[in-house]
Amino acid sequence: MRGGSFSSNVPRNVTVLAIIVSVVLGIFRLIPLLILVWVVALAYIIVYQYKSSNTRESRFVCLDCATIHQQNSCPKCGSRLKKIYSRTNSFGV
């Protein structure tokens, strides 16, 4: 795992936090609060992913000339060979 990937994965972090809180609440048998924690965590993840999918646009990198673009074909050379561009993830460029 790379150094900055843990802090950038919000759904995983929320899930881990909900599990930790669930264990603590489960020890004290506070089942209604335990259910509330999971409802809030799932609602937060759904809202986060909805907002992030609306604000980020897919960017591609041309496999022929390495131009980063959002079009169906490369604006520089016209090639349709592309892959998703990402600086932070292990997939892409």
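The values are calculated or read from the model by the stated rules, or taken from the named source; none is laboratory data. In this text, all values refer to a predicted model and were calculated from it rather than measured experimentally. A quick note on method: Cβ atoms are made from the backbone with ideal geometry, for glycine too, and the neighbour counts reach across all protein chains shown. In case anyone asks, the SASA skips ligands and DNA or RNA and just uses the protein heavy atoms, side chains included. Shrake-Rupley method; radii C 1.70, N 1.55, O 1.52, S 1.80 Å.
Figures for the structure shown
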read-out: Residue in the stretch 29-48 that is of a type in the set (G, A, S) and at pLDDT below 85 present; value: no
read-out: So Y85, is it at pLDDT below 85, open to solvent by less than 90 Å² (accessible area, probe 1.4 Å) and hydroxyl-bearing (S, T, Y); value: yes
read-out: Selection from the stretch 2-28 of residues that are part of a helix (DSSP H, G or I), surrounded by fewer than 12 Cβ atoms within 10 Å (Cβ to Cβ) and at pLDDT below 90; value: F6, S7, S8
